[in-house]
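The values are calculated or read from the model by the stated rules, or taken from the named source; none is laboratory data. Keep in mind it's a predicted model, so treat the numbers as computed, not measured. Ideal geometry is used to build each Cβ from the backbone, glycine not excepted, and the neighbour counts take in all protein chains shown.
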Amino acid sequence: MSQKVVVIFSGGMDSFTVLNLAVKKGLEVFALSFNYGQRHKKELDYASLACKTLRVQHKIVDISAINQLIGGSSLTSDIDVSEGHYEEESMKSTVVPNRNMILLSMAVGYAVSINANKVYYGAHSGDHAIYPDCRPEFVHKMNDVCAIANYEAVEIVTPFLDVSKTAILTAGLAMGLDYNQTWTCYNGREKACGKCGACQERLEAFSENGVSDPLEYEA
């Protein structure tokens, strides 16, 4: 019997790569996506389609009511999404208070309920500058807590914690993944904007890999 794991899957390219990595390892994957009141649901549509293609069990959980408590981010409130490089100070406006701790806590609870002992998520080094809940010290402390929070210890697994989005894409391309199945843009329009920090980081990763991004962009 294969090992059960939970993968937090946003529908973006990082978690898409993590999801496929877990599947290719022969693990029994339970993908988990969250509607936490983010600016748009387009990434969740991409997540659903990707899981159907992979024939992976998938739950989309609506926790949008939590938006009443964790507002103030341009991803959850009526605040314009900043444009520019993803490591610029202005990108701090996209930080959602305590988001990963909340999502990981629920994913760990789900793991315990289905007898899975690992939760995967796609933190990487490119996020360290702006997002505290993607940094190694956060992941290590969460692992300490998740080892004792229940009778069953659950490990937080971050395969790409110390590498860049460029390296994640390199790994995904080596696996033959189709990144047209992912959505990264912070805006949920018909085409990706190409200007927000998320788009900038994605485009940089494709450029540094010497390949074209299959998504369509406004500019």
(request) Output the number of residues of region 184-214 satisfying the condition of being surrounded by 13 or more Cβ atoms within 10 Å (Cβ to Cβ), within 20 Å of the chain's Cα centre (by Cα), modelled with pLDDT of 95 or more and assigned to a loop (DSSP other than H, G, I, E, B). (result) 1
(message) Any residue in region 51-72 that is closer than 14 Å to residue 36 by Cβ sitting within a Cβ distance under 6 Å of a residue that is in a loop (DSSP other than H, G, I, E, B) and aromatic (Phe, Trp, Tyr)? List the pairs, counting only those 6 or more apart or interchain.
(response) 63/36; 66/36
(message) Being crowded, with 19+ Cβ neighbours inside 10 Å, in contact with a strand residue (DSSP E or B) (Cβ under 7 Å, 6 or more places away or on another chain) and either at pLDDT 95 or above or in a helix (DSSP H, G or I) (or both) narrows it down to one residue among 119, 81; which is it?
(response) 119
(message) For the condition out of contact with any Lys or Arg (no Cβ under 6 Å at 6 or more places or on another chain) and not aromatic (Phe, Trp, Tyr), what is the one hit in 155, 190, 201?
(response) 190
(request) Determine which single condition residue 173 fails, assuming it passes every other condition in (1) under 25 Å from residue 30 (Cα atoms); (2) part of a loop (DSSP other than H, G, I, E, B). (result) (2)
(message) Just to be sure I understand, how many residues within region 22-36 are buried (at least 19 other Cβ atoms within 10 Å of the Cβ), out of contact with any Leu (no Cβ under 9 Å at 6 or more places or on another chain) and not aromatic (Phe, Trp, Tyr)?
(response) 1
(request) Among the residues of region 132-170, write down those that are crowded, with 17+ Cβ neighbours inside 10 Å, of a type in the set (A, V, I, L, M, F, W, C) and assigned to a helix (DSSP H, G or I). (result) 134, 138, 139, 142, 146, 167, 168, 169
(message) Checking the condition aliphatic (A, V, I, L, M) and out of contact with any Pro (no Cβ under 7 Å at 6 or more places or on another chain), which residue from 54, 21 passes?
(response) 54
